[in-house]
């Protein structure tokens, strides 16, 4: 049995995680602890505060008692707003406090792109434009070429969590560009897990979403690989040998 630990900000699309657990198989257990986000607002100052060491550390004891073998800060914007170096510092501090391997959703996107050997990407973000651009900058720092960025102007996680299939597909279609090899949909407040295969079929390319890559990143930290086609192309590829 492998226990995956997640620190999830507030309440929005956390029901994606029981679904992920079902799709991963009976020997994977998902442990999720909610963190305090303070004000629910997609602004740089509030997002940095949501991912502060104190707020992240508050949920770690519960994950340790649950037997988690690794922990991921299940928040895209609460990590990339710190910039490339700041996000590294954030997860280093989290690993030290947790006493186990740690990462964040933002790094999950970067590593997932390397896994599927994709460089050129289009971004469809629920965020306001300035926050969406910060995510694109983070991806570029990780080696990606961002061909298009589409922001939806949503300013709270609660609003993103209320989106359904219609809004999700509309954002993905609007964000896609012909030269993009994959479409990325950040924000762990957005329900996506039930729709990934249909999104990939419609767009004809891999689609990476925040809760999907968060789970994949935690598995990566525990050296587990799971074939789960219902979680998209990321979970069906052979391992990439890193040189």
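The values are calculated or read from the model by the stated rules, or taken from the named source; none is laboratory data. Note that the structure is predicted; figures quoted are calculated from it, not measured. No Cβ is skipped: glycine too gets one built from the backbone with ideal geometry, and neighbour counts run over all protein chains shown.
Numerical summary
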item	result
Candidates 47, 23, 56, filtered to the one that is over 21 Å from residue 185 (Cβ atoms), in contact with a helix residue (DSSP H, G or I) (Cβ under 7 Å, 6 or more places away or on another chain), part of a helix (DSSP H, G or I) and in contact (Cβ under 8 Å) with a residue 40 or more places away in the chain	56
Residue list for the range 69-93, filter: in a helix (DSSP H, G or I), touching a residue at least 40 places away in the same chain (Cβ under 8 Å) and either assigned by TED's automatic domain parsing to the domain that holds residue 140 or surrounded by fewer than 24 Cβ atoms within 10 Å (Cβ to Cβ) (or both)	83, 84, 93
Count of the range 199-210 residues which are more than 16 Å from residue 12 (Cβ to Cβ) and touching a residue at least 12 places away in the same chain (Cβ under 8 Å)	8
Of the criteria (1) surrounded by 15 or more Cβ atoms within 10 Å (Cβ to Cβ); (2) out of contact with any strand residue (DSSP E or B) (no Cβ under 6 Å at 6 or more places or on another chain); (3) not assigned by TED's automatic domain parsing to the domain that holds residue 181, which one residue 133 fails	(3)
Options 58, 41, 66, 50; residue that is within 17 Å of residue 105 (Cβ to Cβ) and assigned by TED's automatic domain parsing to the domain that holds residue 231	50
Total residues in the range 111-130, condition surrounded by fewer than 21 Cβ atoms within 10 Å (Cβ to Cβ), assigned to a helix (DSSP H, G or I) and out of contact with any helix residue (DSSP H, G or I) (no Cβ under 7 Å at 6 or more places or on another chain)	3
Residue 34 vs. criteria more than 15 Å from the chain's Cα centre (by Cα) and assigned to a strand (DSSP E or B)	yes
